[in-house]
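Report on one structure; see the data block that follows.
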Amino acid sequence: MKLNHDEFVALLAKALGSDKNEASRALESWVDAVLLETEKSGSSSVTGLGTFRKTEDGSMILEPDQSLAMEVNHKYAGMSPIEISPPSSVPPESQEVSEDKLQEAVSEETRDDTDQETDSETESEKEKEKEKETAPGFAAKAYPYREPFARRVYEADDSDDEDTSAGPFGFSRQSIKKLFRYDNWDNSEKMIWLIPIAAMLIIALLLFFHFDGQRLSRTHLGDQPVVQNEIPVPIPEEDEGDRVIQEFVPSPDPVDEVAPPPDLDVTPEPVEDAATEPADEVIRDFALPYGLKGPEDEVLIGAYTIVVHSLRNERKSEIEKERLENQGYKATRWSAELPGGITTYRVGIGQFQSVSDAERAVEELPEPFRSNNFIIRIR
Amino acid sequence: MVKHMTEKKNEKEIVAVLAGNLKKHGKAQINRLGTFSVSHQKQKQHQEKDGRIVMKPPADIITFTPEK
């Protein structure tokens, strides 16, 4: 309801039980008091409404009273943000400091103690590396990346570690340990190992999704009774151009008994035999009840739903839920406890795997649901 | 004292009328003070500093526009 000043005065007069002039005077004096106090002390608190504050640029703002703000926002009160994607993790490679970056980091003046320690350690390691590289007999000096193993052998021989006893093939134990230490590898070596590992992982994922997709596609053929994959399909034989269909012999398997093979010459009719129901149930178990419409067989915890009603009246929320169900929507109703002991009843429609799915479904909704809704996760 | 009590009573009634209108998501204009209304914030995606993407819930908030 939009009230201008005169309408507000009329409403106030009714509330005060007085005439408009008296109500107008009361309102004027209240406005004067608020403005004066705000001007004088910078803020003016009004119980039940909020606090008026004067800003630096001389304008006035209102910080609403918390209970009033919650009552106004009762429809969405108590809702918390939904996490769509997790925090981005820093890959281990990016944590390592390249030489160029290291130089830059060393030249930086503003560093904390931890960084300084790390830098000094890295510098000392670099100095050791340089000493080794300049030493005579360094096999990998000319080919630092093409002959990494020669370099490791050299390093192992030159090391001052105690455990230098000879191992297999004349290598010391320490050299073998160093060979398998990931930290000891340079970037090119890491890449040599990482590329095939990554490729294998990708292939494994592709295979997984390929077969999983095949399984899912089978499960979504619920309305086609041909889906029963255990049924042996008779192989038609070609004999002098005429197609001969083998006569179907039912097998002792109960699934085979309920679903006869489809006659290739006749369009298959929907099987109405009650014995086919178990097979259908098996199919439904695999297909999760996502979507906007259809029966609400199962409430999926963690799925997203579109909330279209948030009501204080329980009976009214039930009526709205029934109305939506009659329209064919998957309707869910639940109660939410708000701060202050207020209970609100929310009615959501549809169940979706992701927020984007829910957003797409919102576009299909009729008004007023399309413009007045919110998506939440079922918990 | 009586005047103070009357002022308090008037303030209570003014706030009651104003708050009642705002609870119905109405709008009220008071001369020399400003306009009180309720605005709706749609739910929106927001990226946090740590990289998380969150969907902020919608909200109905009280807004006050001072009269110039």
- Task: Residues being within 30 Å of B:Asp50 (Cβ to Cβ) and basic (Lys, Arg): count how many of those fall in the range A:35-88.
- Result: 1
- Just checking, how many residues over the range A:335-366 are within 18 Å of the chain's Cα centre (by Cα) and surrounded by fewer than 20 Cβ atoms within 10 Å (Cβ to Cβ)? 7
- Query: For the range A:47-62, what are the residues that are outside any strand (DSSP E or B) and surrounded by fewer than 17 Cβ atoms within 10 Å (Cβ to Cβ)?
  - Reply: A:Thr47, A:Gly48, A:Thr55, A:Glu56, A:Asp57, A:Gly58, A:Ser59
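Test of understanding: among A:Ser44, A:Ser24, A:Ser18, A:Ser67, which residue is part of a strand (DSSP E or B), more than 8 Å from chain B (Cβ to nearest Cβ) and out of contact with any Cys (no Cβ under 6 Å at 6 or more places or on another chain)?
On inspection, the qualifying residue turns out to be A:Ser44.
Just need a number here: residues in the range A:367-379 that are closer than 18 Å to A:Leu300 by Cβ and surrounded by fewer than 14 Cβ atoms within 10 Å (Cβ to Cβ).
Counting residues in the range A:367-379 that are closer than 18 Å to A:Leu300 by Cβ and surrounded by fewer than 14 Cβ atoms within 10 Å (Cβ to Cβ) gives 1.
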- Query: If only one of B:Lys3, B:Lys9, B:Lys49, B:Lys27 is modelled with pLDDT under 90, over 23 Å from A:Gly17 (Cβ atoms) and among the basic types (Lys, Arg), which one is it?
  - Reply: B:Lys49
- Answer yes if at least one residue in the range A:30-43 is at pLDDT below 90 and either among the aliphatic types (A, V, I, L, M) or in contact with an Asp or Glu (Cβ under 7 Å, 6 or more places away or on another chain) (or both), and no otherwise. no
- Item | Filter pass, B:Asn21 being surrounded by 13 or more Cβ atoms within 10 Å (Cβ to Cβ), in contact (Cβ under 8 Å) with a residue 12 or more places away in the chain, facing chain A (nearest Cβ under 8 Å) and not β-branched (Val, Ile, Thr) | yes
- Note on the structure: Counting only residues that are within 21 Å of A:Phe374 (Cα to Cα), among the acidic types (Asp, Glu) and either touching a Cys at 6+ places or on another chain (Cβ under 9 Å) or facing chain A (nearest Cβ under 7 Å) (or both), the range B:24-68 contains a total of 1
- Among (1) assigned to a strand (DSSP E or B); (2) over 22 Å from the mean Cα position of the chain (by Cα) - the single one A:Glu322 does not satisfy: (1)
- Just name the residue that is modelled with the highest pLDDT out of those in the range A:334-362 that are assigned to a loop (DSSP other than H, G, I, E, B) and closer than 27 Å to A:Arg315 by Cα. A:Gly341
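The values are calculated or read from the model by the stated rules, or taken from the named source; none is laboratory data. No experiment lies behind these values; they were computed from the predicted model shown. Cβ sites come from the backbone with ideal geometry, for glycine too, and all protein chains shown count toward neighbours.
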